[in-house]
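Take a look at the structure below.
The values are calculated or read from the model by the stated rules, or taken from the named source; none is laboratory data. Everything quoted here is computed from the prediction, not taken from an experiment. Cβ: placed from backbone, ideal geometry, glycine included. Neighbour counts: every protein chain shown. Remember, those area values only see protein heavy atoms, side chains included, never the ligands or the DNA or RNA. Shrake-Rupley method; radii C 1.70, N 1.55, O 1.52, S 1.80 Å.
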Amino acid sequence: MSYEQKHFDRDIKSITASDVERALSEPGGSYNFERLLALISPAAENYLEQMAQSAHRLTVQRFGRTIKLYAPLYLSNYCINSCRYCGFNKENKFQRTRLTIDSALEEAEVISSQGIRDILLVSSEDRKFISIDYLTELAGKLRDKFSSISIEAYPMNAGEYAKLFKAGITGVILYQETYRRQDYHYYHPAGPKSDYENRLNAPDAMAAAGMREIGLGVLLGLTDWRLETLALAEHAHYLIKRYW
């Protein structure tokens with residue numbers, strides 16, 4: 001166990017029920033590291049219902065009683081990475097598939113016929129086939145069928161994201177998977193995804209390119225979920241402050 005982990009464990013275990021109640025009494029809707037620390041502490045386990053009710057009130061206040069549905073369209077499961085937790089790992093042997101533009105349009109037509117107006121284009125790291133030109137061409141042919149088009153693929157630079165935005169893609173999802181650097185390197189031993197900094201900096205490139213929606217995330221279970229939650233919150237807070 002690292003020094004940082006011991007330090008964190010000591011601090012979070014020192015939080016009391018009174019600290020949690022104080023955090024819950026504060027108005028929600030704005031980010032505060034210390035408040036979040038209290039709400040994810042072991043002492044908060046008996047206050048889950050109160051937290052759920054508070055979250056519900058904020059959700060209704062900010063978004064109303066609405067649900068946004070989207071459908072993923074998988075474009076390729078070819079991959080050049082070796083992520084230990086992923087079925088698309090390049091070392092795994094199975095029949096892989098790539099959709100041509102025409103095939104992807106046929107799949108999108110089925111999604112559109114179900115009344116779904118938000119689509120997420122998903123691809124593993126298959127840059128040679130799922131290129132920027134491929135994505136811009138596909139987005140240009142989908143933009144009249146869908147209210148929003150987002151992607152979940154490999155990290156890109158700001159110029160590439162700007163081209164996608166111009167083509168009609170307005171959102172990007174990119175999980176960091178884990179913010180703990182040593183664990184990140186363990187779970188991503190080979191391939192472009194092994195570059196921690198490149199992945200961490202990608203949301204800055206998205207925001208600089210004008211993307212309207214940026215989705216962050218971690219795979220809870222790879223490491224300490226409390227540490228990951230705090231790191232994810234800090235990352236989102238930084239992006240909101242810099243790219244409001």
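Any residue at all in segment 215-223 that's open to solvent by 50 Å² or more (accessible area, probe 1.4 Å) and on the phi > 0 side of the Ramachandran plot?
yes
If you go through segment 85-94 one residue at a time, do you hit one that is within 24 Å of the chain's Cα centre (by Cα), farther than 19 Å from residue 150 by Cα and touching a residue at least 60 places away in the same chain (Cβ under 8 Å)?
There is at least one residue in segment 85-94 that is within 24 Å of the chain's Cα centre (by Cα), farther than 19 Å from residue 150 by Cα and touching a residue at least 60 places away in the same chain (Cβ under 8 Å).
Each row is one residue, and each column tells you yes or no for (1) farther than 15 Å from residue 226 by Cα; (2) open to solvent by less than 40 Å² (accessible area, probe 1.4 Å).
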| site | (1), (2) |
| --- | --- |
| 8 | no, yes |
| 12 | no, yes |
| 19 | yes, no |
| 40 | no, yes |
| 45 | no, no |
| 82 | yes, yes |
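Given the conditions (1) surrounded by fewer than 16 Cβ atoms within 10 Å (Cβ to Cβ); (2) within 29 Å of residue 42 (Cβ to Cβ); (3) within 15 Å of the chain's Cα centre (by Cα); (4) of a type outside the set (Phe, Trp, Tyr), report the number of the one that residue 181 does not fulfil.
(3)
What are the residues in segment 200-244 that are assigned to a loop (DSSP other than H, G, I, E, B) and over 20 Å from residue 169 (Cα atoms), if any?
219, 220, 221, 222, 223, 224
Test residue 197 against the criterion of being of a type outside the set (A, V, I, L, M) and either open to solvent by less than 30 Å² (accessible area, probe 1.4 Å) or under 20 Å from residue 166 (Cβ atoms) (or both), and give yes or no.
No, not satisfied.
Which ones in segment 103-150 are in contact with a Gly (Cβ under 6 Å, 6 or more places away or on another chain), assigned to a strand (DSSP E or B) and either farther than 24 Å from residue 86 by Cα or open to solvent by 40 Å² or more (accessible area, probe 1.4 Å) (or both)?
Across segment 103-150, the qualifying residue is only 149.
Considering only residues that are open to solvent by less than 50 Å² (accessible area, probe 1.4 Å) and either assigned to a strand (DSSP E or B) or in contact with a Gly (Cβ under 8 Å, 6 or more places away or on another chain) (or both), which ones fall in segment 59-76?
Answer for segment 59-76, where residues must be open to solvent by less than 50 Å² (accessible area, probe 1.4 Å) and either assigned to a strand (DSSP E or B) or in contact with a Gly (Cβ under 8 Å, 6 or more places away or on another chain) (or both): 71, 73, 75, 76.
Test of understanding: among 231, 208, 202, which residue is of a type in the set (Gly, Ala, Ser), touching a residue at least 40 places away in the same chain (Cβ under 8 Å) and open to solvent by 50 Å² or more (accessible area, probe 1.4 Å)?
Sole residue among the options that is of a type in the set (Gly, Ala, Ser), touching a residue at least 40 places away in the same chain (Cβ under 8 Å) and open to solvent by 50 Å² or more (accessible area, probe 1.4 Å): 208.
Has segment 42-49 got at least one residue that is hydrophobic (A, V, I, L, M, F, W, C), within 28 Å of residue 152 (Cβ to Cβ) and part of a helix (DSSP H, G or I)?
no
Do we have any residue at all in segment 42-50 that's out of contact with any Ser or Thr (no Cβ under 6 Å at 6 or more places or on another chain), within 24 Å of residue 220 (Cβ to Cβ) and touching a residue at least 40 places away in the same chain (Cβ under 8 Å)?
No, segment 42-50 contains no residue that is out of contact with any Ser or Thr (no Cβ under 6 Å at 6 or more places or on another chain), within 24 Å of residue 220 (Cβ to Cβ) and touching a residue at least 40 places away in the same chain (Cβ under 8 Å).
Residue by residue through segment 152-166, note down the ones that are crowded, with 19+ Cβ neighbours inside 10 Å, among the aliphatic types (A, V, I, L, M) and over 17 Å from residue 192 (Cβ atoms).
Residue satisfying the conditions is 164 alone.
Return yes when residue 220 is within 13 Å of the chain's Cα centre (by Cα), at pLDDT below 95 and not basic (Lys, Arg) and no when it is not.
Taking the combined requirement at face value, the residue satisfies it.
Please name all residue pairs, on different chains or six or more residues apart, with Cβ atoms under 7 Å, provided the first residue is in segment 65-83 and is more than 21 Å from residue 145 (Cα to Cα) and the second residue is part of a strand (DSSP E or B) and open to solvent by 80 Å² or more (accessible area, probe 1.4 Å).
Within 7 Å, the pairs are 76/98; 78/98.
Conditions: (1) part of a loop (DSSP other than H, G, I, E, B); (2) open to solvent by less than 40 Å² (accessible area, probe 1.4 Å). Residue 86 meets all but one. Number of the miss?
Unmet condition: (2).
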